[in-house]
1. So between Arg72 and Gln423, what do we pick up on full extension, going 0.36 nm a residue minus the alpha carbon distance?
2. Using Cβ contacts closer than 10 Å as the measure, can you line up Leu666, Leu138 from fewest to most?
3. Once phi is turned into θ = phi - 60°, what whole-Hz ³J(HN,Hα) does the Karplus curve with 6.51, -1.76 and 1.60 give for every residue of region 494-505, x standing for Gly and Pro?
4. What are the semi-axes of the equivalent ellipsoid for region 153-285, taken as the square roots of 5 times the Cα gyration tensor eigenvalues, largest first, in whole Å?
5. In region 136-158, which residues have a backbone nitrogen under 17 Å from the label point lying 7 Å from Ser353's Cα in the Cα-to-Cβ direction?
6. Among 237-247, 486-496, what's the highest-first ranking by average C-beta atoms within 10 angstrom per residue?
7. Which of the peptides 123-135, 178-190 is most tightly packed, and how do the rest follow, going by the mean number of other Cβ atoms within 10 Å of each residue?
8. With a cut-off of 8 Å between alpha carbons and a minimum separation of six or more residues, what is the relative contact order of region 301-531 in percent?
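Only the coordinates and a few stated rules stand behind these numbers; no lab work does. From a predicted model like this one, the values you see are computed outputs, not experimental measurements. No Cβ is skipped: glycine too gets one built from the backbone with ideal geometry, and neighbour counts run over all protein chains shown.
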Amino acid sequence: MIEGSNDEERGRIIAPPLTPIGDDEDDGPDVHILGVEAEDEELNNVTTFRLPIWLRESSATFRWRWVPLPLRKAGRATATWVQGPDPPHDLLFRPFFPKLQELPVQLLERYAPTRPRKILALLFAYFFWFLTWFLILLKSHSSGNIEGYGLPQSISCAASYWSSGNSCGLNGNDCRPFKASPFAFRCPANCKSLILLDERTVGNQTLNYQPLVIGGPQPDSSDLGVYRADSHICQAAIHAGVATDAAGGCGVVKLNGAAHSFLASTRNGFTSTEFASTFPKSFGFIPLSASQATCPSDPRWPLLGITTTAVVLISIFTTSPAVFYFSTFGILITHVGVVSDPPNLPTLTDLFSILLSRVLPASFIAYVLYLYAVRLLLRHLSTPAYQLERTILYLTPAFIGALNNYTFALWIPLQRLTPHDLQNQPGAKLALGIVITIIITIVVTQAWLIRQAGLMPRYLKVYISFVALLLFLMALPGLRLRIHHYILAMLLMPGTIIPTRASLIYQGLLLGLFINGVARWGFASIVETPAALGEDPTTPGGWWGASYPNITNTSVSIHLDTPSFPPIWQQTQYPGNGNITFNLWEHERMEHLGVDGISVLVNDVERWRGYLDENRKGKFTWRRHGKAGLELVNADLNTDDVDNNASFTSLDNTNSDENHDAPQDLFFRFAFMKGASTGHYGGAGVWLKDGRWISPEPQKKPDP
């Protein structure tokens, strides 16, 4: 029997040498029984040989004997494949026309041969870019005086005169005045891309994933029309023809007080929403003469040309990966955060303030990405022979990603990867399929290249950790996992270190998406509550505000005005006027939810708040007499009691409209309150102008 030491990792058994019996000395070499000469003199002329796998794994000391043989074979094959080729392949691509690509660096060496001169040239490029860029930007925000109205004030695409729900307070007091003198404004470009991401109810219509424009001129009319106050001003200006989506523009808006009807129309790429009832606040645009229309266009496209020129020049003249990467990062994040896709803030000071608050943490992340991804790729391309290819292949997708609001946001209509959006946003599922297909294609191709380079084991450890973390976050109860732009870049950029053309494209694109995500949205959390995403978290332990009062036919009583026996010429022409009373308290349910009261919207304006400790019967009465009480003109904001059971707001009205007494459809919505906090408002119940009542749809989800 042969005794020896077993090395499982090397797969070799070491045995003592065999010599002829009776030979005490042998001047010749030690010869193995199989005629193999000893190979390792350091092992005292001990001969080694590799045992077959089946023999090694049949040993009693083999620790994986409990694993079935087919699985062991599959595991060995997988491990061998993961290790990649031996030796690893050199995947560095060969440049096209290297002599041509070297010309910019040779030119720089001719005029700036020393390091100080190169640094001075780089600083000059930074200074010249920022000076030109900032002066044009400042002029566009500080010029364009409109004769008779003054200098226009910059507003964001989302600016409006009225907030959703009861944000304007009881009777709209927090959004007063309802009438005001004209106001000159300036809108940025690309306001058409702004859409609602949370549901907004207008009357009995639920709007989402669309612009917010309510009202406007009649079709084929030259008038500028009347818009409800919660319309986005800049989108309404484009709808009316005062501004354009491509260049923005200036105009003059005037608050007109109450309006009794808002028409729907399609103009200039917008389809407005109709609201056939009274709203207490509206606005319209004042036509300007040719001498008044002196507002400069939005400068984002000229500024993009300046930014592109600066980044490209720095790229083709520098061979340093750090200079190339951090120059691209710094210039692009400044441009995106202030010009091309800024947050919805009106002034330059606000934009620079929010940008600087995001640049510092973004710079730290960019540095980490440089150390562990960017540097490992670009150091292979730091010779002058790659100048032009690196510039084209890296910067083109970087700009595509950074200008996400003009590229992917239009090509793939998917704003947020949430279950609610995937179920409700038009085209979201198709867009998700496209995104997943693109990501899988990139991951598979890069994984193959990583294996060819012999780096697969290392990357498997990293990405298995990433996947485990994401699965853990997905499993957290009551939270939604959100993969933002900047998170996607952080996850995928380490897989782009292989020096291929595809890696240059992918890494540039991911850098652009990182810049756009941080500059536009900041560092949003990777997990968010459903309520923060506009969902109704009516799950066990969910939010109380996701529930709302149940309004049924049994909880509503209507008393219409009926004349006794007046002469026929004095009888009312509008039989739909009268009182409607709601019995609101659901004591057991409200106690279960822990709520204190109920808020009531009438025509999307909060008109009543009732609390259990103040109103024992919980009755709310609304008196309809035409348009009276809806315009909030000269209003007595204190509620009056009717038989100590109901309350309503009585408003004096000086409108001389001959049809002022004609009833309109009224829209009622209800929400629970806890202290001063208000939950979600349910669907609208409609009191038709002929006196009939249409109850809102009951709550479909169970209470938490």
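1. Contour length minus Cα-Cα distance gives 121.9 nm.
2. On the way: Leu666 23, Leu138 12.
Fewest to most other Cβ atoms nearby, the residues stand as Leu138, Leu666.
3. x, x, 10, 8, 6, x, 10, 5, 4, 5, 4, 5
4. Computed over region 153-285, the values are 20, 17, 15 Å.
5. 154-156
6. Order by mean packing, descending: 237-247, 486-496.
7. Values: 123-135: 14.2, 178-190: 19.9.
Listed from highest to lowest mean packing, they are 178-190, 123-135.
8. RCO, region 301-531: 31 percent.
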